[in-house]
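The values are calculated or read from the model by the stated rules, or taken from the named source; none is laboratory data. What you see is a predicted model; the values in this text were computed from it and never measured. As a convention, Cβ positions derive from the backbone with ideal geometry for all residues, glycine included, and neighbour counts pool all protein chains shown. All accessible areas refer to the heavy atoms of the entire protein, side chains included, with ligands and DNA or RNA removed. Shrake-Rupley method; radii C 1.70, N 1.55, O 1.52, S 1.80 Å.
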Amino acid sequence: MSKPVHVIGGGLAGSEAAWQLARAGQRVVLHEMRPERKTDAHQTDGLAELVCSNSFRSDDADNNAVGLLHEELRRCGSLIMRAADANKLPAGGALAVDRDAFSQAVQAAIEAEPLIEVARGEITGLPPQDWDSVIIATGPLTSPALAQSVLSLTGENSLAFFDAIAPIVYKDSIDMDKAWFQSRYDKVGPEGDGADYINCPLSREEYDAFIIALLEAEKTEFKEWEKNTPYFEGCLPIEVMAERGPMTLRFGPMKPVGLTDPRTGKRPNAVVQLRQDNALGTLYNLVGFQTKMKHAEQTRIFRMIPGLENAQFARLGGIHRNTFLNSPKLLDAQLRLKADPRLRFAGQVTGVEGYVESTAIGLLAGRMAAAERNGAALAAPPNTTALGALHAHITGGADTKSFQPMNVNFGLFPPLPDSVRRENRKKLMSERARAALAEWLGERQAAE
């Protein structure tokens with residue numbers, strides 16, 4: 001038999017890459033450094049642990065690019081999407097999952113696959129030369145030794161930013177005499193009923209006092225080498241948003257649109273939404289409330305929110321550093337490092353942002369490595385698909401001088417003719433993507 005493909009990193013991208021390789025009949029060694037070496041964000045040693053949120057975001061395949069990416073991954077036989085669908089929670093129009101059950105499902109599938117060997121231990125430098133095919137899917141928390149080895153090989157400096165983690169509260173500590181259940185615009189999503197979020201209303205006076213408290217709160221101090229690291233716009237801490245102006249949060253995660261307080265029959269001035277975080281419905285996370293405040297300050301300030309005066313926290317917010325490559329400059333169309341083509345990269349380390357996007361690049365890296373083992377190159381999906389648009393962005397579509405992490409969005413897709421009405425464009429882009437994906441997969445696979 002041929003040598004195994006080595007996949008470094010047991011997160012979503014690495015697990016997906018290993019699964020795709022095994023589905024193609026290739027042997028895989030999946031390397032995960034936990035529990036031998038822990039990270040600042042992970043709490044378990046499970047594969048595919050979710051650390052920032054339990055949401056895969058919108059599941060609307062007709063009008064949302066990430067929802068379309070969900071559909072494409074499902075059609076490609078994604079293990080991550082299979083586990084997500086099997087462990088989904090009510091979350092309006094979003095796809096949210098039970099974190100622990102999701103991770104357990106991925107790990108059970110990987111461990112039951114005879115072609116995959118899970119090896120626990122840190123890879124502390126460049127892989128040995130006899131590893132002729134390697135996928136590095138180490139995510140935002142790549143071990144320093146491996147990161148430095150890769151950077152030395154490329155001659156580049158890494159780009160990095162901070163991701164902040166939102167707090168989680170126990171549901172039974174929320175005062176439901178002040179809070180209520182409702183999805184924005186009463187939207188019904190997968191496994192939901194239109195009342196999937198707990199909403200805590202703030203009056204103008206309460207909102208103003210909350211903003212002042214955020215601005216005055218004691219924050220986590222950064223180390224000297226971290227101080228110039230920028231934030232990714234999609235994961236800004238709430239206190240950083242508050243510094244941009246007193247109304248920023250009211251037009252961001254605390255926007256009241258589409259919500260009605262049943263006690264007044266009116267739209268509140270501002271709202272804090274909490275989303276179910278586990279299948280039992282005992283834990284809820286504060287949506288969009290990533291923070292770098294010190295823990296004591298978080299407890300004090302979040303209890304200023306009506307309905308959370310007596311909140312008990314299962315987890316307080318935190319912060320971690322994210323590292324990624326300048327992929328448009330360093331990677332080829334097969335996701336291989338130009339300086340050493342035996343090394344492929346997948347997941348957030350390539351500069352995609354989000355669980356689903358990381359999974360997508362893991363799937364492509366696994367399929368490309370499997371095709372290479374079989375003596376052929378797998379063409380990337382057309383850039384009219386969500387998979388292809390994301391791949392094209394990180395392998396040449398982005399400006400190498402200003403490359404920053406990117407979520408999938410319709411702005412990455414080739415535009416439709418100007419004659420197409422604006423309100424029809426997303427749906428038509430989705431229809432075009434489905435047809436292109438079917439062609440890429442082949443008629444037999446697309447029909448399965």
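Please go through (1) modelled with pLDDT of 80 or more; (2) over 24 Å from Q20 (Cα atoms); (3) not aliphatic (A, V, I, L, M) for G155 and return the number of the only condition it doesn't satisfy.
(1)
Residue by residue through region 85-133, note down the ones that are among the polar types (S, T, N, Q) and open to solvent by 20 Å² or more (accessible area, probe 1.4 Å). Step through it out loud before you land on a result.
Start the filter on region 85-133 by keeping residues that are among the polar types (S, T, N, Q), which leaves 87, 103-104, 107, 124, 129, 133.
Scanning region 85-133 gives N87, Q104, Q107, T124, Q129.
Please return the ranges of strands (runs of 3 or more DSSP E) entirely within region 291-353 where 1 or more residues are out of contact with any Pro (no Cβ under 8 Å at 6 or more places or on another chain), buried (at least 18 other Cβ atoms within 10 Å of the Cβ) and of a type in the set (D, E, K, R).
Working: elements: 313-315, 318-324, 340-345.
The qualifying strands (runs of 3 or more DSSP E) are 340-345.
Please enumerate the residues belonging to region 383-403 that are hydroxyl-bearing (S, T, Y) and open to solvent by 60 Å² or more (accessible area, probe 1.4 Å).
Within region 383-403, the first condition is being hydroxyl-bearing (S, T, Y), and the residues that meet it are 384-385, 395, 400, 402.
Listed by number, the list holds a single entry, S402.
Out of the residues in region 213-242 meeting the condition of being exposed (fewer than 13 other Cβ atoms within 10 Å of the Cβ) and at pLDDT 95 or above, tell me which one is farthest from G288 (Cα to Cα).
Of everything passing the filter in region 213-242, E216 is farthest from G288 (Cα to Cα).
Have a look at T323, T282, T291, T299 and point out the one that is free of Cβ contacts under 8 Å to residues at least 60 places away in the same chain and among the β-branched types (V, I, T). Steps first, answer last, please.
Working: T323 fails: free of Cβ contacts under 8 Å to residues at least 60 places away in the same chain; T282 fails: free of Cβ contacts under 8 Å to residues at least 60 places away in the same chain; T291 fails: free of Cβ contacts under 8 Å to residues at least 60 places away in the same chain.
After ruling out the rest, the residue left standing is T299.
Taking region 404-416, which residues are surrounded by fewer than 20 Cβ atoms within 10 Å (Cβ to Cβ) and in a loop (DSSP other than H, G, I, E, B)?
Answer for region 404-416, where residues must be surrounded by fewer than 20 Cβ atoms within 10 Å (Cβ to Cβ) and in a loop (DSSP other than H, G, I, E, B): Q404, N407, N409, P414, P415, L416.
Somewhere in region 272-279, is a residue assigned to a loop (DSSP other than H, G, I, E, B), in contact (Cβ under 8 Å) with a residue 24 or more places away in the chain and within 16 Å of A166 (Cβ to Cβ)? I'd like the intermediate steps shown before the answer.
Initial filter on region 272-279 (assigned to a loop (DSSP other than H, G, I, E, B)): 277-279.
Right, trim to in contact (Cβ under 8 Å) with a residue 24 or more places away in the chain and you get 277-279.
Among the residues that remain, those that are also within 16 Å of A166 (Cβ to Cβ) are: 277-278.
Among the residues of region 272-279, at least one is assigned to a loop (DSSP other than H, G, I, E, B), in contact (Cβ under 8 Å) with a residue 24 or more places away in the chain and within 16 Å of A166 (Cβ to Cβ), which makes the answer yes.
Taking the stated definitions as given, is K187 of a type outside the set (S, T, Y), modelled with pLDDT under 85 and open to solvent by 40 Å² or more (accessible area, probe 1.4 Å)?
Details: of a type outside the set (S, T, Y): yes; modelled with pLDDT under 85: yes; open to solvent by 40 Å² or more (accessible area, probe 1.4 Å): yes.
Against the criterion (of a type outside the set (S, T, Y), modelled with pLDDT under 85 and open to solvent by 40 Å² or more (accessible area, probe 1.4 Å)), K187 qualifies.
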